[in-house]
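The values are calculated or read from the model by the stated rules, or taken from the named source; none is laboratory data. Because the structure is predicted, anything quoted here is derived from the model rather than measured. Virtual Cβ from ideal backbone geometry, glycine too; neighbours counted across all protein chains shown. With ligands, DNA and RNA removed, areas are computed over all heavy atoms of the protein, side chains included. Shrake-Rupley method; radii C 1.70, N 1.55, O 1.52, S 1.80 Å.
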Amino acid sequence: MRGESTGTLRRDAIGLREVLFQSITAMAPAAAVAASIPAGAAFAGGSLPLAVLVALVACLFTASCVAELTRELPAAGSVATYAARGLHPAVGFLVGWGYVFVEMLVPPLLLLQLGFTVAGTLHDEWPSYPADLWWPYSLAGAAVIAVAGYLGVRASARLGTVLGAFEILVFLVFAALLIGRAGGANTLSVFGTSHTAAGHSGIGGVFAGSVYTVLAFAGFEAAAPLAEETREPRRTMHRAVLGAALGIGLFYVVTTYAMTVYFGPDRFAAFGVSGSASWEGVARASFGFLWVLLFLAVVNSTIANANANANVSTRTAFALARIRVLPGVLATLHPRHRSPVAGIAVQTVVAVAAVLGLGLRYGPQTAFLLLATVIVTVVIGVYIVVNLACAGHFIRVGGGALKPVRHLLFPVLGVAAFVPALLTAAGLPVFDFVTKLTAPVSYAGPIVGVWMAAGVVVLLILTRRYPERIAEIARVHIEEDAPSDLRQDGAVIRRPDL
């Protein structure tokens, strides 16, 4: 396959709709509602809708910071560029090093879920089907994602738009049916603290539930790496990041409310991800064959999420490779589709190797938990750094650009919101509701530690031999292609409407 190692990604290829769904599908709304948010029910019980609302407000602080930076610094390097500009290029390198690593692990994570979800459902319906024959579905999903990525950002983003719209529509329809059938059981008391789980009473139970729920919001920043392929990126990225975080956050609130009032707030602490007390269980018992739509929405969500995060990993890798802080081959673009074909090839190999290696060694569910712990630990760490970078960037810019609430208060609140989530994801028992991790999931900490230590070694080598490459992490390449009438002394002058 012929490619070129220089050039730019396809400019103006996609618009607001596609990048909005890039972030939406990266949040995996259907999978989050069915398999992630219910983890908070063990603590918040029937007050889980309040916990989700608290998590939404907390995540909007960080989403606001990311949105502000996407408007200031539209770059495929996204979080690496933000950290480099707002803090220091060395910090930007380490953020990019960790972010590329974990974003390459997201597709295999979702492909594992795709495999065991399909195999388990087929086994439940037809017991003669072996429950452990999950890997063909994972490999089929990997092939779909690889082809979409190869065909370019338009094909990949449009796939995400279609898949994302389907999963949201299905769950909203189910939510409406649940609210309708709940009838007189509908109550706003679930937005109070009176229904928390036993042993986690009051606001403490809500807080514990929100910490587990906040993990469902990860991915709202996934539009940012597509900045160089998006029309009017400064405006579009800002809207996409905030729109995804707010829109899907409200989607979480509505769907969680619907299931809570239908199932019963006072027994909702027993709600989970499987069995009769789950979304699929309720759908099977109450809506007959329509449960298949729910199943398809979750399967759809895994593919859409994997596709979105493959876009993130390959674009971020491209951005770091073109300045040679990662191997230059990762900057290879397809001559016609302008897709980062080398990065897509590496992403596919990593996905298949992780799915088969970890899945066959530990089982798909345990492998899923191991990868999820690695990913969430790093991603939440990245969110914390980006909050600090937002404050740092606007303090440096100063003048009228600095807005104390958006650029100082929100970053502080964003950090405060994600520190408990980071400790929870890492299994550090700082709070009494944190569950200590067991092997092999507990290997996540050492894996992250080794990878980041390797990044420090690479950083030291590059700083000594090629310091100009590290400095280039702060470079916003899209500015170089701005029309001459928008330049002044090498800087880009914004149009009034931007």
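Sorting check: for 446-456, 424-434, which peptide has the highest mean count of neighbouring beta carbons within 10 Å, and how do the rest follow?
424-434, 446-456
Between the alpha-carbon centers of the range 83-162 and the range 198-216, tell me the distance in whole angstrom.
Using only Cα atoms to place each centre, the spacing works out to 29 Å.
Over the range 71-210, what percent of the accessible surface lies on carbon and sulfur atoms, probe 1.4 Å?
70 percent
May I ask you to give the percent of accessible area on the range 252-348 that is carbon plus sulfur, with a probe radius of 1.4 Å?
65 percent
For n ≥ 4 DSSP H runs only, could you compute -39500 (n - 2.57) per run for the chain, divide by its residues and tell me the 222 nm figure to the nearest 500?
After summing the helix terms and dividing by the residues of the chain, the value is -21500 deg cm²/dmol.
What does the charge count near residue 13 come to, summing +1 for each Lys or Arg and -1 for each Asp or Glu among other residues with Cβ under 11 Å from its Cβ?
Cβ neighbours under 11 Å give a net charge of +2.
Once whole DSSP H runs in the chain are found, which of them have Cα atoms spread over 20 Å or more along the helix axis and a mean Kyte-Doolittle score of at least 0.0?
The answer, listed by residue number, is 48-72, 89-125, 135-150, 153-182, 233-263, 291-321, 341-362, 364-397, 410-425, 444-465.
What distance in nm lies between label points placed 7 Å from Cα along the C-beta direction at residue 412 and residue 469?
Reported label-point gap for residue 412 and residue 469 is 4.0 nm.
Once you place label points 7 Å from the Cα toward the Cβ at residue 324 and residue 453, how far apart are they in nm?
3.0 nm
For the chain, just give the cysteines left without a disulfide-compatible partner, judged by no other Cys Cβ under 4.7 Å.
59
In Å², and per residue, what accessible area does the chain have when probed at 1.4 Å with the other protein chains present?
Per residue, the chain has an accessible area of 39 Å².
How are the C-alpha pair distances of the chain spread across 10 Å bins, as whole percents from the shortest bin up?
4, 20, 31, 27, 13, 4, 0, 0
Could you give the longest part of the chain that holds none of the trypsin sites (Lys or Arg not before Pro) found in DSSP loops with at most 16 neighbouring Cβ atoms within 10 Å?
Answer - 12-230.
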